[in-house]
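The next block holds one structure in the form of structure tokens; read it before the comments.
The values are calculated or read from the model by the stated rules, or taken from the named source; none is laboratory data. This structure is a prediction, so every number in the text was calculated from the model and none was measured. So basically every Cβ, Gly included, is an ideal-geometry build from the backbone, and we count neighbours across all protein chains shown. Keep in mind that these areas ignore ligands, DNA and RNA; they rest on the heavy atoms of the full protein, side chains included. Shrake-Rupley method; radii C 1.70, N 1.55, O 1.52, S 1.80 Å.
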Amino acid sequence: MKYLVAVITLCVAAWAQDSETVLLNGKILTVDGRFSTRQALAIRDGKILALGDTAEIRKLAGPQTRVIDLEGRTVIPGLIDSHLHAIRAALSFSTEVNWIGARSLPEALGRIREAAHTMKPGAWLIVAGGWNVQQFQENRRPTQAELVAAAPNNPVYVQLAYGWVVMTPAAFQALHITSESDLPPVGRLERDAEGKLTGGISGSQRVITSLFDKLPKPSFADQVDGTRKFFRELNRLALTGVVDPQGNNMTPSDYAALFQVWREGQMTVRVAYSLGTQTPGSELEEFQNLTRLLPMGFGDDMLHFNGIGESVTAAMYNNDKPTQADKDKYYEVAKWAAERGMTLTQHWGRDASVGELLSVFERVNKEVPIAPLHWSIAHLNDASPESLRRMKALGVGWTVQDAMYFGGDAFLQQAGAAAARRAPPVETAKEIGVAVGAGTDAHRVASYNPFTALQWFLDGKTVGGTALRGPEETPSREDALRFYTLGSAWFSRDEAKRGSLEPGKLADLAVLSADYMTVPVEQVGRLESVLTMVGGKIVYAAGPYGK
Ligand SMILES: [Zn+2]
């Protein structure tokens, strides 16, 4: 009886008030439990009111309703990247030069040349990663001479992932680097066959991040501007949400620009952010201080605090052989987080050592069940069925990135064809029942373009075109899209609110430039949004909707 009353009340409310927006005549991929497709969708109060065929949904429109004719276009739930260093990428988006998607060196260098004209005279021109040599027809790195030719009057800095940088003489001069002793230890100045300096600098991740720290930071106004622009750029690519795992070069003050954009109500991407610490050895104290007034989940639908990671303790970050003391320390922090209901995400590279981490999770789990907390492991491209089963038993999820798109050829050399065939084993994870989210790990080590990642999920090809992954670990288009939407929503505990297009969920969606389900696989990477909505509001419109 109670149920009947509720249904009647709902219907009366629906009649009493028209939809704000209806989308008609489309192919709406709902990503619900059956992956059903609908023609039309109605939105009210920023949420999905109903889905159905065009005639049904048209009835929910009144004189004030905005009617969007999809003309047969495909609509997907807004994409969510479950591991994107978006807050960091955003800070410098309006002051950095971006090489993502450039197909040749002249095209990439052209972007430097253009920036030299559009930015202030003498401004630093910084490419902070997100590219790979194999994306260029020439299949090589740029030379110092080419950078000087593109921007003779600017200091230029170009970073390749976390292992190599090339700078122009003006940049060396500005940073006062004249010899190797001026570099962070133990960076190397590269020399050519004749012993002449090439302008290249190589070193570990620590060398490269400390070098990056020497570069001038964008002003606060530039950071705010960059944040707004970066979110729009993500909207252009159908993204409406990110789970941000902090990352290198980020301190608490680096969040101020994001907070300003949020305070001003200008967020166009939903952000769930996690915290790391700055001082190795005193992580617990630092986390305690940082979260004294920051309970798990604090924030709203546009921005909320999502716990700790992707580095929890420095001693367990990229360390395949942690000592018992390292694990005890990690356990202390992890247990503290679990007791406070916090989510935790941990960066881990290799399956051979992930048992060290899982044993700590299992130890915590004996005292505080962690399954409701949605903990996760990021990366782990060679995850074994055994590790995935342990993760499943704990309720620990897995965020998967397209690292093999840039890194696949190196991985093949190092791990062999059999390992490359199954990297990453998402089908095994699905079968075992591990929660899987998709993403990129942009923007230093990867491009943030989700369609590049989706195409790679489907064809297993590196940027250079080598097909590595076998059919056993290749997801269907439905599954790949599910990983990138509902799958990713799980990692910020938002799967009941967004990630699929179902009544009552937030109206986050994108109308695509072509049909994701039927375009040839090699064109998936070229898809874009022509209309993106977040909470029923249009945040990006182009082509037929851009006028
Ligand atoms: Zn990571």
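In the stretch 359-383, the residues that are within 16 Å of the ligand (Cβ to nearest atom) form Cβ pairs under 9 Å with partners that are assigned to a helix (DSSP H, G or I) and charged (D, E, K, R), at six or more places apart or across chains, as follows: LEU380/ASP351; ASN381/ASP351; ASP382/ASP351; ALA383/ASP351. Looking at the stretch 41-133, the strands (runs of 3 or more DSSP E) lying wholly inside it that each contain 3 or more residues that are away from the ligand (no atom under 16 Å from the Cβ), within 24 Å of GLU502 (Cβ to Cβ) and of a type outside the set (Asp, Glu) sit at 47-52, 66-69, 74-77. Reported count of residues in the stretch 474-494, each being open to solvent by 20 Å² or more (accessible area, probe 1.4 Å) and either under 13 Å from the mean Cα position of the chain (by Cα) or without any contact (Cβ under 8 Å) to a residue 40 or more places away in the chain (or both), is 1. Per the listing LEU388, LEU380, LEU358, LEU412, the residue uniquely in contact with a helix residue (DSSP H, G or I) (Cβ under 9 Å, 6 or more places away or on another chain), buried (at least 18 other Cβ atoms within 10 Å of the Cβ) and over 20 Å from ASP320 (Cβ atoms) is LEU412.
For first residues located in the stretch 48-70 and polar (S, T, N, Q), partners that are crowded, with 16+ Cβ neighbours inside 10 Å and in a strand (DSSP E or B) and lie 6+ apart or on another chain with Cβ distances below 8 Å form the pairs THR54/LEU24; THR54/ALA40; THR65/THR21; THR65/VAL22. Within the stretch 245-280, the set of residues being within 17 Å of ILE308 (Cβ to Cβ), within 16 Å of the ligand (Cβ to nearest atom) and not hydrophobic (A, V, I, L, M, F, W, C) comprises PRO245, GLN246, GLY247, ASN248, TYR273, SER274, GLY276, THR277.
Each row is one residue, and each column tells you yes or no for (1) of a type in the set (A, V, I, L, M); (2) under 15 Å from VAL31 (Cβ atoms); (3) free of Cβ contacts under 8 Å to residues at least 12 places away in the same chain.
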| residue | (1), (2), (3) |
| --- | --- |
| SER500 | no, yes, no |
| PRO503 | no, yes, no |
| LEU509 | yes, yes, no |
| ALA514 | yes, no, no |
| VAL519 | yes, no, yes |
| GLY525 | no, no, no |
| GLU528 | no, no, no |
| GLY535 | no, no, no |
| ILE538 | yes, no, yes |
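Yes/no matrix, rows are residues, columns are (1) more than 16 Å from the ligand (Cβ to nearest atom); (2) modelled with pLDDT of 95 or more; (3) acidic (Asp, Glu); (4) farther than 23 Å from VAL354 by Cα:
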{"residue": "LEU284", "(1), (2), (3), (4)": "yes, yes, no, no"}
{"residue": "PHE287", "(1), (2), (3), (4)": "yes, yes, no, yes"}
{"residue": "LEU293", "(1), (2), (3), (4)": "yes, yes, no, yes"}
{"residue": "PHE298", "(1), (2), (3), (4)": "yes, yes, no, yes"}
{"residue": "LEU303", "(1), (2), (3), (4)": "yes, yes, no, yes"}
{"residue": "GLY309", "(1), (2), (3), (4)": "no, yes, no, no"}
{"residue": "THR313", "(1), (2), (3), (4)": "no, yes, no, no"}
{"residue": "TYR317", "(1), (2), (3), (4)": "no, yes, no, no"}
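The lone criterion from (1) within 15 Å of the ligand (Cβ to nearest atom); (2) aromatic (Phe, Trp, Tyr); (3) more than 16 Å from GLU310 (Cβ to Cβ) left unmet by TRP336 is number (1). For MET391, the stated conditions hold: it is part of a helix (DSSP H, G or I), touching a residue at least 24 places away in the same chain (Cβ under 8 Å) and more than 16 Å from the ligand (Cβ to nearest atom).
Return yes when ALA128 is farther than 30 Å from VAL22 by Cα, surrounded by 15 or more Cβ atoms within 10 Å (Cβ to Cβ) and at pLDDT 95 or above and no when it is not. Criteria not met by ALA128. If you go through the stretch 40-77 and pick out every residue that is on the phi < 0 side of the Ramachandran plot and open to solvent by 80 Å² or more (accessible area, probe 1.4 Å), you end up with 8.
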